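K.L.:
Handing you this structure, nothing more for now.
The values are calculated or read from the model by the stated rules, or taken from the named source; none is laboratory data. Small disclaimer: the values here were computed from a predicted structure and weren't measured. Note that each Cβ is placed from the backbone with ideal geometry, even for glycine, and that neighbours are counted across all protein chains shown. These area figures cover heavy atoms from the full protein model, side chains too; ligands, DNA and RNA do not enter into them. Shrake-Rupley method; radii C 1.70, N 1.55, O 1.52, S 1.80 Å.
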Amino acid sequence: MAEAHPVRLVVTDDLRRSRLTVLFRALLVIPHLVWLTLWSLPVTVAVPVNWVATVLLGRSPGWLHSFLAAYLIYNTHVNAYLHLVADPYPAFTSTQPYPVTVEIDGPARQGRLGALLRWVLALPAWLFVEVLGYALWWLAVGGWFVALALGRVPKGIRDLSAYCLRFRAQTDAYSMLLTARYPSLDLKPETPDTQA
């Protein structure tokens, strides 16, 4: 059995969606997008600092790792809400439980050369993230109409959207030097889905 990826998407969503919040989802998410933008300002400083620290020390410092991981988890919550992968309104922190979240292992040893070349090595993954971003947008548009009509999203749309979020989270974590493990293309989720 393959070793679990150090960045895992956990989905406990029940597929039900509130028609009213789905109708106004793009407006309801605005405060989160503002907070995410404000939070991204220190992140743009923390990422290069983490890169230098990881190249020099061979591992991400614990406090930087925790800060960047919290940002990545919150970013995933907001995108899960925006793209209808989850229904409840997310908290403004990464510490509250959410039906679509990311688990990130703590700091581990990383090769210094791999860390030094990380952003070059991440380019293919980022190109795929761009493709998945378009897919996620179209899935959200289709899911929006279905959720308005049925009050739920189909499992296939939710699962493919979750795959897009997972690959993005793993690519972000790899790029931020939170892990040395490359993003997984495997379509099978790392954690069991509670909704069959």
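K.L.:
How compact is the chain by the rule of thumb for globular proteins, expressed as Cα Rg over 2.2 N^0.38 Å?
P.N.:
Dividing the Cα radius of gyration by 2.2 N^0.38 Å gives 1.03.
K.L.:
If packing is taken as the mean number of other Cβ atoms within 10 Å per residue, what is the order of 106-113, 79-86, highest first? Provide the component values of the computation, followed by the final result.
P.N.:
Working: 106-113: 14.2, 79-86: 24.8.
Taking the mean over residues of other Cβ atoms within 10 Å, the ranking is 79-86, 106-113.
K.L.:
If I stretch the segment between Ala26 and Lys155 completely, what's the gain in nm (0.36 nm per residue apart, minus their alpha carbon distance), one decimal?
P.N.:
Values: separation 129, 0.36 × 129 = 46.44 nm, distance 2.15 nm.
Difference between extended and current length: 44.3 nm.
K.L.:
How large is the accessible surface per residue of the chain, computed with a 1.4 Å probe and reported in Å² as a whole number? Spell out each step's value before the answer.
P.N.:
On the way: 9910 Å² over 196 residues.
That works out to 51 Å² per residue.
K.L.:
Okay, moving on. Of the peptides 22-35, 170-183, how do they stack up when ordered by the mean number of other Cβ atoms within 10 Å, highest first? Walk me through the intermediate numbers first.
P.N.:
Working: 22-35: 14.0, 170-183: 22.3.
Final packing ranking: 170-183, 22-35.
K.L.:
Can you give the charge dipole size of the range 113-193 about its Cα centre, rounded to the nearest 20 debye, using +1 on the beta carbon of Lys and Arg and -1 on the beta carbon of Asp and Glu? Don't skip to the answer; put the middle values down first.
P.N.:
Numbers: 8 positive and 6 negative charges, 18 e Å.
Computed charge dipole of the range 113-193: roughly 80 debye.
K.L.:
Might you report the magnitude of the Cβ-based charge dipole of the range 14-148 about its Cα centre, with Lys and Arg at +1 and Asp and Glu at -1, to the nearest 20 debye? Could the numbers behind the result be given before it?
P.N.:
Details: 8 positive and 5 negative charges, 21 e Å.
Value, rounded to 20: 100 debye.
K.L.:
How large a share of the accessible area of the chain, in percent, is made up of carbon and sulfur atoms when the probe is 1.4 Å and the other protein chains stay in place?
P.N.:
On the chain, the fraction of accessible area on carbon and sulfur atoms equals 73 percent.
K.L.:
Helix-derived [θ] at 222 nm for the chain: sum -39500 (n - 2.57) over DSSP H runs of at least 4, divide by residue count, nearest 500? Please report the intermediate quantities before stating the final value.
P.N.:
Working: 8 runs with 116 residues, N = 196.
When only DSSP H runs of four or more count, the value is -19000 deg cm²/dmol.
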